[in-house]
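J.: Below: one structure in structure tokens.
The values are calculated or read from the model by the stated rules, or taken from the named source; none is laboratory data. Given the structure is predicted, the values throughout are model-derived calculations rather than measurements. Every residue, glycine among them, receives a Cβ derived from its backbone with ideal geometry; neighbour counts consider all protein chains shown.
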Amino acid sequence: MILKHVWGILSEPRLTWGSIRDERWSAAQIYLGVIIPLSLISPVAGYIGTTQFGWQIGPGGPVTLTPSSAIQISVAYFGAILISVFVISLLIRWMSETYGEIKPLTRCLALAAYTAVPLFLVGVVQIFPVLWINFLFGLPALAYSVYLLYSGVPIMMDIPPEKGFLFASAVLAVGLVALVGLLASTVVLWSFGLGPAFISN
């Protein structure tokens with residue numbers, strides 16, 4: 001399971017979902033083998049991008065973050081990713097009772113983790129903190145993650161496709177609400193003085 005399904009989920013998702021469903025693993029194996037390694041991509045790329053390259057605002061030079069500020073943000077970013085995947089897997093398990101029988105938490109965790117693979121991988125573009133570049137690569141990755149969710153739910157949850165569509169839509173709605181909540185919490189933390197420290201060159 002150690003990252004072996006990453007290429008399959010990108011190239012042959014329906015076949016790979018079946019393989020993932022039939023495997024047995026623990027939550028620790030999923031975290032150590034998939035979630036933690038892939039979750040490191042965005043924070044590490046973001047740290048490099050915001051401290052080494054920065055971004056251009058107006059006619060002046062690039063604006064970068066101080067290393068200490070960037071490392072704090074990267075650690076918080078990494079923690080937020082780990083917690084978000086786990087919370088979404090808990091919600092998937094809770095909702096599975098409505099659409100069928102309750103599935104093991106590990107299967108729900110695997111569904112959440114592999115659905116997010118495109119978003120994990122596209123995090124590498126954060127090494128260039130330019131808004132249009134992040135949108136250019138991020139939107140297709142988001143679209144493919146949504147496709148993986150809709151294709152994976154019926155297989156992983158052992159439910160008919162029509163129920164799978166409703167289930168996946170509910171998971172997507174919860175994910176969007178969680179994203180808005182995360183953005184709101186960021187604004188609150190910044191208002192308490194926990195925002196980034198900039199270096200203007």
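J.: Taking the residues in the stretch 51-68 that are aliphatic (A, V, I, L, M) and in contact (Cβ under 8 Å) with a residue 24 or more places away in the chain as candidates, determine which candidate is surrounded by the fewest Cβ atoms within 10 Å (Cβ to Cβ).
T.: The initial filter retains those residues of the stretch 51-68 that are aliphatic (A, V, I, L, M), namely 57, 63, 65.
Now narrow it down to the ones that are in contact (Cβ under 8 Å) with a residue 24 or more places away in the chain: 63, 65.
On the way: 63: 16, 65: 23.
This residue is 63.
J.: Of all residues in the stretch 52-91, which are assigned to a helix (DSSP H, G or I) and small (Gly, Ala, Ser)?
T.: Kept after step one, since they are assigned to a helix (DSSP H, G or I), are these residues of the stretch 52-91: 52-53, 67-91.
Hits for the stretch 52-91 are 68, 69, 70, 74, 76, 79, 80, 84, 89.
J.: Looking for whichever is in contact (Cβ under 8 Å) with a residue 24 or more places away in the chain and under 17 Å from the mean Cα position of the chain (by Cα) here; the options are 92, 83, 48, 71. Which one fits? Before you say what the answer is, go through the steps one by one.
T.: Values: 83 fails: in contact (Cβ under 8 Å) with a residue 24 or more places away in the chain; 48 fails: under 17 Å from the mean Cα position of the chain (by Cα); 71 fails: under 17 Å from the mean Cα position of the chain (by Cα).
Just one listed residue meets the conditions, 92.
J.: State all residues of the stretch 34-75 that are closer than 20 Å to residue 125 by Cβ, modelled with pLDDT under 90 and not polar (S, T, N, Q); if no residue qualifies, say none.
T.: Scanning the stretch 34-75 gives 53, 54, 55, 57, 62, 63, 65, 70, 73.
J.: Another one. Looking at the structure I just gave you, is residue 84 of a type in the set (Ser, Thr, Tyr) and farther than 20 Å from residue 133 by Cα?
T.: Taking the combined requirement at face value, the residue satisfies it.
J.: For the structure I just gave you, tell me whether residue 185 is of a type in the set (Ser, Thr, Tyr) and at pLDDT 95 or above.
T.: no
J.: Another question, then. List the helices (runs of 4 or more DSSP H) inside the stretch 1-42, counting only whole elements, that have at least 1 residues being more than 15 Å from residue 85 (Cα to Cα) and among the basic types (Lys, Arg).
T.: Correct list: 13-22.
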